[in-house]
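Chemist: Take this structure, written in structure tokens, and hold onto it; I'll ask about it next.
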Amino acid sequence: MQALELYVQLEQLRLHVDLEYRIETSADMDIGTEWIPPLILQPFVENALWHGLSRKQGEKKLHITLSVQDNWLIAEITDNGIGRKQATGKKALAAIAISKGMDITERRIKEYNHTKGIVAIEIKDLYDASRQPAGTRLVLRIKRSTSSTSTNK
């Protein structure tokens, strides 16, 4: 999680984005014992920063939350960027790059989870009261594994 926070700070400087961001964990989660596959969240945070928030005018927000539900680690990445439709509509090449990155990471999560029938990644486009794009929320479901059982991964 520290690496993810440093990544957000670095991209904020590189992209010259004035960004309000939060990375939170639920009270019932012991981040010291939970194991998250390396760099699994980074591609989604990158997409939010590069494609949604860097091209947005006004206030820019990124919120990352981690929580646990039974045998699952739930990661939510929410931004108030320009939305997927507008982000990919301007550049077809960007849409292809986003799709490949999402596809690769989704396959990686599915292989890690070893569970059929579970949706590993859900993406929801957010809209304001006048039905204008207001960002994106992405939810990842990662099978829980504590650090004591993850030393060989």
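What follows is calculated from the coordinates using simple rules that are stated; it is not laboratory data. Note that this is a predicted model, so its numbers are computed, not measured. Every residue, glycine as well, gets a Cβ built from its backbone with ideal geometry; the counts of neighbours run over all protein chains shown.
Chemist: Using the 10 angstrom Cβ neighbour count as an exposure proxy, how do Thr78, Thr65 rank, fewest first?
Modeler: Thr65, Thr78
Chemist: Could I ask something else about it? If the cut-off is a Cα-Cα distance under 18 Å, which aspartates and glutamates reach Lys100, setting aside same-chain residues fewer than 8 apart in sequence?
Modeler: Partners found: Glu46, Glu111, Glu122.
Chemist: How big is the charge dipole of the chain about its Cα centre, in debye rounded to the nearest 20, if each Lys and Arg gets +1 on its Cβ and each Asp and Glu gets -1 on its Cβ?
Modeler: With Lys and Arg at +1 and Asp and Glu at -1, about 720 debye.
Chemist: For the pairs Lys60/Lys143; Lys61/Lys110; Lys85/Lys116; Lys61/Lys124; Lys61/Lys143, flag any whose C-alpha to C-alpha distance is greater than 25 Å.
Modeler: Lys60/Lys143; Lys61/Lys110; Lys85/Lys116; Lys61/Lys143
Chemist: Rank these for me by crowding, Lys116, Lys100, Lys56, Lys61, going from fewest to most other beta carbons within 10 Å.
Modeler: Arranged by neighbour count, lowest to highest, Lys116, Lys100, Lys56, Lys61 become Lys116, Lys100, Lys61, Lys56.
Chemist: Taking Cα pairs under 8 Å and at least six residues apart, what relative contact order does the chain come out at, in percent? Intermediate results must be reported in sequence, preceding the final value.
Modeler: Values: 226 pairs, mean separation 39.5, N = 153.
Across the chain, relative contact order equals 26 percent.
Chemist: While we're looking at this one, here's another question. Hey, could you pull the Cα Rg and Dmax for the chain, both in Å?
Modeler: Answer for the chain, Rg first and Dmax second: 15.8, 50 Å.
Chemist: Compare Asp30, Asp70, Asp18 in a GNM of the chain, Cα atoms joined below 10 Å, and give the one with the largest fluctuation.
Modeler: Top of the fluctuation ranking is Asp70.
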